[in-house]
Amino acid sequence: MKISVKNATLIKRYKRFLADVTLPTGEEITMHCANTGAMTGCATPNNTVWYSTSDNAKRKYPNSWEFSVTPEKHWICVNTIRANHLAEEAISNGVISEFTGHSALQREVKYGEENSKIDFLLNDKNNNKTYIEVKSVTLLENGQGYFPDAVTTRGQKHLRELISIVESGHRAVLLFAVLHSGIHSVEPAEHIDSKYANLLREASKKGVEIIAYKANFLLNKTECDVQLTTKISVNTL
């Protein structure tokens, strides 16, 4: 995925969906932040941010925060909307070996007993179904990647739904889209959401496949090419 971007310096993120930045000209503007998480380590004042601009005249804030660059030069995709786009691109291009051989892909399909929507539903030529839930990972602490970065009742619900899918005889996969260049493995963040961590372990034991693919970032002047490229380990113990 190639995204046209411009750079700025972060002043602060606030009200969850807004961020103030300083442009290279010295002008201060407010932009949209499509991230409902805590964004720990992703929103440090004075970090470089890269943003895209929409041509939709109806938008109150036409600019969207896409990436952060840390002092350690790690790239982070903070726009969580991109996770599903990157996952679909990687699935369609055969990058994620676990999903090769499918004949049809559906998005946002209603399923389960808790009024959920699965991110992707794959079917193969024999009509075998694979249910895929995608979660973006950006939390890095002491060299380790974690999910989630805040208590997530929604994420807990999705794990229960995936367990039910396996129990009904279908294949269920939790795909961690790792959108932080400094993360090399993923663990459940027990210190943040112990209930989610326990559910993740239960899901793994009951047959939910849990995999992680890491993004690569390549900036070429005012265009960033970001793709999920590399499988990394997930420790659910």
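Of the strands (runs of 3 or more DSSP E) lying entirely inside the range 1-104, those containing at least 1 residues that are farther than 21 Å from residue 219 by Cβ are 6-14, 18-22, 28-32. Residues considered: 145, 207, 182. Of these, the only one that is modelled with pLDDT of 95 or more and over 20 Å from the mean Cα position of the chain (by Cα) is 207.
From the list 145, 182, the lone residue that is assigned by TED's automatic domain parsing to the domain that holds residue 224, touching a strand residue (DSSP E or B) at 6+ places or on another chain (Cβ under 7 Å), part of a strand (DSSP E or B) and touching a residue at least 12 places away in the same chain (Cβ under 8 Å) is 145.
Among the residues of the range 113-142, those that are of a type outside the set (Asp, Glu), in a strand (DSSP E or B) and in contact (Cβ under 8 Å) with a residue 60 or more places away in the chain comprise 137, 139, 140.
Pairs are defined by a Cβ separation below 7 Å, a sequence spacing of at least 6 or placement on different chains, a first member in the range 197-219 that is more than 20 Å from residue 231 (Cβ to Cβ), and a second member that is assigned to a strand (DSSP E or B); the pairs so defined are 197/188. A single entry from 189, 197, 203, 212 fulfils the requirement of being farther than 17 Å from residue 145 by Cα and surrounded by 17 or more Cβ atoms within 10 Å (Cβ to Cβ): 203. The condition of being at pLDDT below 95 and under 17 Å from the mean Cα position of the chain (by Cα) holds for only one of 80, 100, 138, that being 80.
Each residue in the range 83-96 was checked for being surrounded by fewer than 21 Cβ atoms within 10 Å (Cβ to Cβ) and either in contact (Cβ under 8 Å) with a residue 60 or more places away in the chain or within 30 Å of residue 13 (Cβ to Cβ) (or both), and 7 of them qualify. Select from the range 32-58 the residues that are over 23 Å from residue 140 (Cβ atoms) and not hydroxyl-bearing (Ser, Thr, Tyr) and write down the one among them that is surrounded by the most Cβ atoms within 10 Å (Cβ to Cβ). Applying the filter and picking the extreme gives 32. Restricting the range 223-237 to residues that are aliphatic (A, V, I, L, M) and under 16 Å from the mean Cα position of the chain (by Cα), the residue that is surrounded by the most Cβ atoms within 10 Å (Cβ to Cβ) is 228.
The numbered conditions (1) basic (Lys, Arg); (2) closer than 17 Å to residue 166 by Cβ; (3) in contact with an Asp or Glu (Cβ under 8 Å, 6 or more places away or on another chain) are all true for residue 107 except (2).
The values are calculated or read from the model by the stated rules, or taken from the named source; none is laboratory data. Remember, predicted model here, so these are calculated numbers, not experimental data. Counting neighbours? That spans all protein chains shown, and the Cβs are built from the backbone with ideal geometry, glycine included.
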